[in-house]
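In what follows, a structure is listed as structure tokens, so that the remarks can point back to it.
The values are calculated or read from the model by the stated rules, or taken from the named source; none is laboratory data. Just so we're clear, the structure is a prediction, and the values are computed from it rather than from any experiment. Because the Cβ atoms are built from the backbone with ideal geometry, glycine has one as well, and the counts that use them run over all protein chains shown. Quick note on the areas: whole protein, heavy atoms, side chains included, nothing else; ligands and nucleic acids left out. Shrake-Rupley method; radii C 1.70, N 1.55, O 1.52, S 1.80 Å.
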Amino acid sequence: MFKVIYLDHAATTPTDPEVVQAMLPYFTDRFGSASTIYSLGKETRSAVEAAREQVAKLIGARPDEIYFTSGGTESDNWAITGAAFANESKGNHIITSKIEHHAVLETCHFLEKRGFKVTYLPVDADGMVDPDDVRKAITDKTILISIMHANNEIGTIQPVEEIGKIARERKIIFHTDTVQTVGSIPVDVNAIGCDALSISAHKLYGPKGVGAMYLRKGTKIQRFMHGGGQESNKRAGTHNVPGIVGLGKAAELAGKSMDESIPRLTGLRDKLIDGIFERISDVRLNGHRTKRLPNNVNVSFDGIEGESIILLLDMHGICASSGSACTSGSLDPSHVLMALGLKHEEAHGSLRLTLGRENTDWDVKNVLEALPIIVERLRMMSPLYAAKKAEIAASVK
Ligand SMILES: *Cc1c(COP(=O)(O)O)cnc(C)c1O
């Protein structure tokens, strides 16, 4: 059988078979609505509450601080618009970074049209936000800081604990997009000192279309969906019970496997990075070398297009992603890579490989065999690369 090597876990993960098993009864026998009082509904309600406890446990929160949503995008939208509108009387200033996920950036753009002022902090060449920049950006009108825990493209892990400390000192709500970190590395709401965070099930081997928002008790927020009284009257709508049960199970499994998965994935990641640098010239690593997600590799190859690399890797049965163009349906290079200071053509030549539970040494070996051949082939056809080589040769003479 032709085995696909899946290296795009930052985009989505396969649903764990144990998660699927846990979900199945809630599609069949246990279909009762969690909002009813007969036994069939009670059973469902206790399954939802058990999932709430599983999610809370993974991030060191209380179960009543967990709100189920339709995913990471909704959690980001809710945390940011909800905190902004509920605290408008105190001020209208929001601080975020230039490298946030679109779910955060587009929400901030929306709020700008509603009269809010947003500061988009720059990052350094490794993609790090400087906590000092956060401190300096605060005004007496600042009501919300939203800085992601780890970036989905380059894997850089932000100093969220320091940012949380600053936010607490100034009594400003701190939201962090932890979609890439929950289930992948330890996340503790009290260690970070955040008031809200976002979780997506399908990034931690759970099902798609379900997620959660953590909201610290006492944090003022507007309700998100209007209707019934579900989720403490804050997020109406009949619960996605199978999805929620799946998220709970995924959270439990992630908590159990992290001690093993972190060193294992870090080992594979470093093997990939070192292997690429040994075998291919004119390459750069995007993102911080060590303060980096255990599963993230993001590199730029001079003179060629990320899109072409992806297509050729696909012919070898390898699924990867690039920081450019077609993935988002536009020709703009990634806003994250541009924020690092990369040139357009460098950003276009980027490749993201994100490892996961099923990947093995064999997968890494295969990528390291295929990639140099692909890059060499594309560079032979690249006028951009030939021009660059000629330029270097001329400057050496
Ligand atoms: C995937 C992702 C999201 C969006 O989550 P969905 O559940 O797909 O809506 C938000 N933020 C980050 C950092 C992500 O990686």
Restrict the check to the range 231-250 and report whether at least one residue is within 18 Å of LEU7 (Cα to Cα) and either of a type in the set (Ser, Thr, Tyr) or under 21 Å from the mean Cα position of the chain (by Cα) (or both).
-> no
Among the residues of the range 103-116, write down those that are assigned to a loop (DSSP other than H, G, I, E, B) and either open to solvent by 10 Å² or more (accessible area, probe 1.4 Å) or within 13 Å of the ligand (Cβ to nearest atom) (or both).
-> ARG114, GLY115
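Name every residue in the range 131-144 that is under 30 Å from ASN286 (Cα atoms) and touching a strand residue (DSSP E or B) at 6+ places or on another chain (Cβ under 8 Å), in order of residue number.
Here is the first cut: in the range 131-144, the residues under 30 Å from ASN286 (Cα atoms) are 131-138, 144.
Within the range 131-144, ASP133, VAL134, ALA137, ILE138, LEU144 qualify.
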Given the conditions (1) hydrophobic (A, V, I, L, M, F, W, C); (2) under 20 Å from THR238 (Cα atoms); (3) in a helix (DSSP H, G or I), and given that PHE68 satisfies all but one, which numbered condition is not satisfied?
-> (3)
Being touching a residue at least 40 places away in the same chain (Cβ under 8 Å), assigned by TED's automatic domain parsing to the domain that holds ALA339 and not hydroxyl-bearing (Ser, Thr, Tyr) narrows it down to one of HIS239, HIS288, so name that one.
-> HIS288
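Those residues that are open to solvent by less than 10 Å² (accessible area, probe 1.4 Å) and out of contact with any Gly (no Cβ under 7 Å at 6 or more places or on another chain), I need them from the range 205-214; list them, please. Steps first, answer last, please.
The first filter runs over the range 205-214 and keeps only residues open to solvent by less than 10 Å² (accessible area, probe 1.4 Å), leaving 206, 210-214.
Scanning the range 205-214 gives ALA212, MET213, TYR214.
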Going through the range 308-325 one residue at a time, which ones are under 18 Å from LEU384 (Cα atoms) and touching a residue at least 40 places away in the same chain (Cβ under 8 Å)?
-> SER308, ILE309
Restricting the range 294-308 to residues that are surrounded by fewer than 22 Cβ atoms within 10 Å (Cβ to Cβ) and in a helix (DSSP H, G or I), the one farthest from the chain's Cα centre (by Cα) turns out to be SER308
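Based on this model, can you work out whether ALA84 counts as away from the ligand (no atom under 16 Å from the Cβ), in a helix (DSSP H, G or I), in the same structural domain as ASP124 (by TED's automatic domain parsing) and open to solvent by 20 Å² or more (accessible area, probe 1.4 Å)? Let's see the steps before the verdict.
Values: away from the ligand (no atom under 16 Å from the Cβ): yes; in a helix (DSSP H, G or I): yes; in the same structural domain as ASP124 (by TED's automatic domain parsing): yes; open to solvent by 20 Å² or more (accessible area, probe 1.4 Å): no.
Here the answer is no, as ALA84 does not meet what is asked.
Restricting to the range 7-23, and then to whatever is in contact (Cβ under 8 Å) with a residue 40 or more places away in the chain and away from the ligand (no atom under 16 Å from the Cβ), can you tell me which residue is surrounded by the most Cβ atoms within 10 Å (Cβ to Cβ)? It would help to see each step written out before you state the result.
At the first step, the residues of the range 7-23 found to be in contact (Cβ under 8 Å) with a residue 40 or more places away in the chain are 7-16, 18-20, 22-23.
Now drop any that are not away from the ligand (no atom under 16 Å from the Cβ), which leaves 16, 18, 20, 22-23.
Details: ASP16: 21, GLU18: 14, VAL20: 15, ALA22: 21, MET23: 23.
Among them, the one singled out is MET23.
So which of PRO131, PRO122 ends up being more than 30 Å from ALA320 (Cα to Cα), open to solvent by 10 Å² or more (accessible area, probe 1.4 Å) and in contact (Cβ under 8 Å) with a residue 12 or more places away in the chain? So that I can check it myself, show each step before the final result.
On the way: PRO122 fails: more than 30 Å from ALA320 (Cα to Cα).
None of the others qualify; the one that does is PRO131.
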Only one of (1) surrounded by fewer than 18 Cβ atoms within 10 Å (Cβ to Cβ); (2) farther than 23 Å from LEU204 by Cα fails for TRP362. Which number is that?
-> (2)
Residues satisfying the stated conditions in the range 87-102, i.e. closer than 21 Å to THR178 by Cβ and open to solvent by 90 Å² or more (accessible area, probe 1.4 Å) | LYS98, HIS102
Could you check, for the range 345-358, whether at least one of its residues is open to solvent by 60 Å² or more (accessible area, probe 1.4 Å) and either outside the structural domain of LEU311 (by TED's automatic domain parsing) or in a helix (DSSP H, G or I) (or both)?
-> yes
